[in-house]
1. How much net charge surrounds VAL42 when only the other residues with a Cβ under 12 Å from the Cβ of VAL42 are counted, with Lys and Arg +1 and Asp and Glu -1?
2. Cβ under 12 Å from ALA212's Cβ, ALA212 left aside: what net charge do those residues give with Lys, Arg +1 and Asp, Glu -1?
3. Starting from the Cα of LYS196, draw a straight line to each of the aspartates and glutamates and keep only those under 19 Å, dropping any in the same chain fewer than 8 residues away.
4. Determine ³J(HN,Hα), in whole Hz, for all residues of the stretch 42-47 in sequence, where each value follows from phi through the Karplus function 6.51 cos²θ - 1.76 cosθ + 1.60 and θ = phi - 60°; x replaces Gly and Pro.
5. Which parts of the stretch 57-81 would a label at PHE136 reach, counting a residue when its backbone N lies under 17 Å from a point 7 Å out along Cα-to-Cβ?
6. Dipole of the stretch 173-253 (Lys/Arg Cβ +1, Asp/Glu Cβ -1, origin at the Cα centre): which of GLY207, MET184, GLY247 lies farthest to the positive side?
7. Return the distance in nm (one decimal) between the two label points of a simple spin-label model at LEU202 and MET85, each offset 7 Å from Cα along Cα→Cβ.
Amino acid sequence: MNRIRISFLVSSLLFFLLSKTFAQSDSLVPNRYWSIQVYPGVNIDLSGGKKSNNGLFPGRADLTIAGGFKFQHLFSQRHGWYAAMDMTMFREQTPDYFNREDVFIPAKQILKDFAKGLVSSIAPRPGIQVGWMYRFRGERWELLPSVGLGANVHFWDDEGNYDMNEDNTYYQLKYKLRSGGPAMYLSFSANYFLWKKGYLVLNADFGQPLRASTAEVALSQNGVEVKRFQERSSAVGRRLNLAVGYGFVFGRH
């Protein structure tokens, strides 16, 4: 009998709490507010990387760790603005060009030696953006498509020379890489309010560079340039970030 009473009391308490939660749900999403979001996630490379036409760009893993934070201000029931910063972690891989058998046959060793210096350690690649949001609002949730402008770093800019002598011939290899810069972002966020001061975040963020990346390699033999290849791509740096996080609400009104 005591167990039945305890079970009844616990069930009644849970029902009461759930009823209060849903009864107050219409007030959980504020009309206007400021918030800070923190979110870990993954970065999906959509650029092609090493699969480019001539293989002059470095490669990277297709899926890597990412994360970031976002400051946002909903200043009306429908409109708002945001500022965000994200970090992507990956290791650059040797460009395919330096592993091909049909280039620089007289000085194959110079390619192998130079390529070793192009492999970087795992390091963060930052990106920043500022943009405008439009809000679709429910009782406990809100959907926020947005568009923004900013800048990002995909591959670190690199420029180097490598010299060697082979069979009384002087070879010099030059490599130049320019990547990163201004970018456009299209994002979609779904926020679910757990209480008045916080909410869960699901975020998808697509980034497209507005400036093409360039890579160039040249080989000189006894001071005379004998080969030069260049590549330009607007796809390098294209990416999709997916994240799950938490938002802290302040300045609610």
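Just so it is clear, none of the values below were taken in a lab; they were calculated from the coordinates. These numbers were taken from a predicted model, which means no experiment stands behind them. Positions of Cβ are generated from backbone atoms using ideal geometry, with glycine treated the same way; all protein chains shown enter the neighbour counts.
1. Net of charged neighbours comes to -3.
2. +3
3. Within reach: ASP26, GLU139, GLU142.
4. 3J(HN,Hα) across the stretch 42-47, in whole Hz: 10, 10, 10, 7, 10, 8.
5. 77-80
6. About the Cα centre, the residue reaching furthest to the positive side is GLY247.
7. 2.9
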